[in-house]
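What follows is a short report on a single structure.
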Amino acid sequence: MTTGAPTPTYPARPRRSRLRTFLPLGMAAWLVLEIWLLTVVAGASSGFTVFLLLLAGFVLGGAVIKKAGRRAFQNLNEALQRGTPPQSGGGNGLMMLGGLLLMIPGLISDAVGLLLLVPPVQKALGRFTERTLDRKLRAAAPGGFGDAFQQARIHRPDGKVVQGEVVRDEEAGGETPQDPRPPLTR
């Protein structure tokens, strides 16, 4: 029995990215592994030993983050005094990440945090990250970050999404509008 009203057809939902699919599973597995390892170490020695290990990791992580932050602030201050951009490749970001991993309770995160504090690992990981980021930026459309600023989406109250594209009409009138903001670089 039909009422004569057409049944709405909704477009197929877009596929979830692999990261959005596997990240929660990976986080849950990591959490279970951390808890299991803590119980194994507590069973082999004592709970107080595990507490001291976690406390030492927290204190060491705080000291590492403080030192890396101070070094980053000094580099920025010196660069501003010289009038040049700050030097890259200082490893401050990886040191801060290592300190943060040391502060997170768990032995696996502590091991990875300590590994990130080793200078050759920092250099190798920094080069890998720089190459990957460079490759991704070259693959993106010029000036677009994957058209992040060119696409517009309007979410209507009924749940439908209307896609559009932002188009600048600079050719009308023969004049290009002047940007009131000063340039960011010298």
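The values are calculated or read from the model by the stated rules, or taken from the named source; none is laboratory data. This is a predicted model, so every value here is computed, not measured. Note: ideal-geometry Cβ built from the backbone for every residue, glycine included; neighbour counts use all protein chains shown. For accessibility, only protein heavy atoms count, side chains too; no ligands or nucleic acids. Shrake-Rupley method; radii C 1.70, N 1.55, O 1.52, S 1.80 Å.
How large is the accessible surface of E34 in square angstrom, using a 1.4 angstrom probe and rounding to the nearest 10?
Using a 1.4 Å probe on the heavy atoms, I get roughly 10 Å².
Nearest 0.05, what FRET efficiency do D158 and R138 give at R0 = 45 Å with Cβ-Cβ as r?
Details: r = 40 Å, r/R0 = 0.90.
Step by step, r from the Cβ atoms, then E = 0.65.
In a shell of Cβ-Cβ distance under 14 Å around N75, excluding N75 itself, what net charge do Lys and Arg (+1) and Asp and Glu (-1) give?
On the way: positive: K67, R70, R71, R82; negative: E78.
Here the charged neighbours net out to +3.
By how many nm would the segment from K66 to W30 grow when fully extended, if each residue of separation counts as 0.36 nm and the alpha-carbon distance is taken off? If you can, show how the numbers build up before the last one.
Numbers: separation 36, 0.36 × 36 = 12.96 nm, distance 2.66 nm.
Answer, rounded to one decimal: 10.3 nm.
Which value, in Å² rounded to 10, gives the accessible area of L52 with a 1.4 Å probe and all protein chains present?
Only protein atoms counted, so the area is about 80 Å².
Could you tell me the distance between the Cα centroids of region 65-79 and region 91-137, to the nearest Å?
Computed from Cα coordinates, the inter-centre distance equals 17 Å.
Rounded to the nearest 10 Å², what accessible area does M96 have for a 1.4 Å probe in the complete protein model?
For M96, the solvent-accessible surface is approximately 70 Å².
Calculate, in nm to one decimal, what R18 and S45 gain on full extension: separation in residues at 0.36 nm each, minus their alpha carbon distance.
Values: separation 27, 0.36 × 27 = 9.72 nm, distance 3.97 nm.
Taking 0.36 nm per residue and subtracting the Cα distance, the gain is 5.8 nm.
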